[in-house]
Every structure is written in structure tokens, then in C-alpha cells.
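Worksheet: one structure, shown below.
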Amino acid sequence: MKNEEDVIYFITTNKYKFNEIKKLFENEKIPYQLKQLNLETIEIQTESVKENASFKLNNAKSKVNCSCFVEDAGFFVDDPLNGFPGLYSSYVFKTIGNEGILRLINNFKQSKAHFIAIIALFFKPLNKDFLFEGRVEGRVSERIKGSRGFGFDPIFIPNKIHNKTFAELKIEEKNKISHRGKAWKEMIKFLKKN
Ligand code: IMP
């Protein structure tokens, strides 16, 4: 039986996010056991993804007595939408969805977009919070493609993969280049050192 000190909770209701992180976790030799805590966290309208992640963590960490983290992400269409939906990603996905985003774009080849992910970790042994960031650049696909992943995955083509959306990639492939994968790698470096 593991002690609570050996457990790190990923506090999320999003099973896709948990599965992505779980896959990454499995490949690492770190003395923690990853568990999902399916807890709704409070979202606020803030100026940055970082601020939102820190806010979510502050609310969530009082509910567990061990190390835990939350993750907050955003999808930014830089050209031609000047970063929209950005901090409104969740709301925009629920309202106009991927079809709605595509209707706002004319020149897909010229489009530019990125994802940002912030992992906010409460690290019990040091009794302190830490932030880890990841970012991936790409463009918008002219049509919805692929059946894997979630959210904006079917309309995002990362620069590193020729003409495939995130939703056409296996979890392992997405993790290698994704915003979440990169934030995670930063956190793993930290966990291995501490
Ligand atoms: P959240 O607030 O971090 O859950 O994410 C904001 C919005 O971005 C939600 O609509 C998610 O579906 C979407 N999103 C977050 N991460 C990803 C991703 O890795 N791929 C596609 N969409 C994502």
C-alpha cells in the first residue's frame, strides 16, 4: 500500500488530458504514483493562462493532503484572429466549436496558431507551488480532420508534422511535440531533482 506522500494527484475532469499525462508518466522512473482526482475546479476570467492555473491550484490543493497539480491550456489563432479564442478557448469551444473557428478564416495556408499549457503543481515535500509551461506552434487546418484527441485537436496542424492535425496523431506522437507534453517534461525534470 502506497503512502499519500508517494501519490501525485492530477486534478482534472478531462479524461483525455489525464490519459496523455499518464502515458508520459509511465515512461519515467520517478517515485510517485499518478492518480486522477475528478474534481471540478473553479475557472476565472483572467489575463493569462498562468494566472488561471494558479487560481485553480489554490482552490484545489486544500482538498487533498498530498502533492497535486492542475493544468490549464489555451488555443490561440495568431493569424488572422490576433490570438482568439485564447483565454476564452473553453467557452468558444462550447459555443461555436471547431466549425465556428473555421468559418472565421479565409487563408488557411497562411494561418498561424499555437497552444499553451501551464501545469501548476503543489509540491508537498517543499510545501510550495511551481509552474511549468509548454507551447506548440502550427496553423489551422482548412477542414476538421482526425478522430483522436479532443477540443481543437481536429483543426490544429503542428509545424513539426507535415499536414496532419493533432487528432490524426497517436497519443505518443502528440505528446512528443505538444504543449502539454513539453510542460510535463519540465515538471518531470523538477520531480527527478527533488
Ligand atoms: P482548459 O480550460 O485547459 O480545459 O482548455 C481550454 C480549451 O482548450 C478547452 O475547450 C479544451 O478542449 C481546449 N484544449 C485544451 N488542451 C487542448 C489540446 O491539447 N488539444 C485541443 N484542445 C485543447
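The values are calculated or read from the model by the stated rules, or taken from the named source; none is laboratory data. Keep in mind that what you see is a predicted model, and the values were worked out from it rather than measured. Because the Cβ atoms are built from the backbone with ideal geometry, glycine has one as well, and the counts that use them run over all protein chains shown. Remember, those area values only see protein heavy atoms, side chains included, never the ligands or the DNA or RNA. Shrake-Rupley method; radii C 1.70, N 1.55, O 1.52, S 1.80 Å.
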Report task. Go through segment 63-114 and count every residue that is over 18 Å from I44 (Cα atoms), among the acidic types (D, E) and within 16 Å of the ligand (Cβ to nearest atom). Result -> 2
Report task. Answer with yes or no whether T13 is open to solvent by 40 Å² or more (accessible area, probe 1.4 Å), within 11 Å of the ligand (Cβ to nearest atom) and either modelled with pLDDT under 90 or closer than 30 Å to N194 by Cα (or both). Result -> yes
Query - Search result, residues across segment 19-49 that are farther than 15 Å from M187 by Cα and open to solvent by 90 Å² or more (accessible area, probe 1.4 Å) - result: N38, E40, E43, Q45, E47
Report summary line: Turns out the strands (runs of 3 or more DSSP E) fully within segment 56-172 with at least 2 residues that are under 24 Å from L37 (Cβ atoms) and in contact with a helix residue (DSSP H, G or I) (Cβ under 6 Å, 6 or more places away or on another chain) are 68-79, 112-123, 128-140
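Table: residues versus (1) within 11 Å of the ligand (Cβ to nearest atom); (2) over 14 Å from the mean Cα position of the chain (by Cα).
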residue	(1), (2)
F122	no, yes
I144	no, yes
D153	yes, no
K160	no, yes
K182	no, no
Report summary line: Inside segment 16-50, the number of residues satisfying the requirement of being without any contact (Cβ under 8 Å) to a residue 40 or more places away in the chain, within 16 Å of the ligand (Cβ to nearest atom) and not in a helix (DSSP H, G or I) is 9
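Quick check on V7: is it more than 22 Å from K176 (Cβ to Cβ), open to solvent by less than 20 Å² (accessible area, probe 1.4 Å) and of a type in the set (A, V, I, L, M, F, W, C)? Before the answer, list the steps.
Values: more than 22 Å from K176 (Cβ to Cβ): yes; open to solvent by less than 20 Å² (accessible area, probe 1.4 Å): yes; of a type in the set (A, V, I, L, M, F, W, C): yes.
Taking the combined requirement at face value, the residue satisfies it.
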Query raised in the report: Just checking, which of F75, F55 is hydrophobic (A, V, I, L, M, F, W, C), closer than 30 Å to N106 by Cα and surrounded by 18 or more Cβ atoms within 10 Å (Cβ to Cβ)?
Result: F75
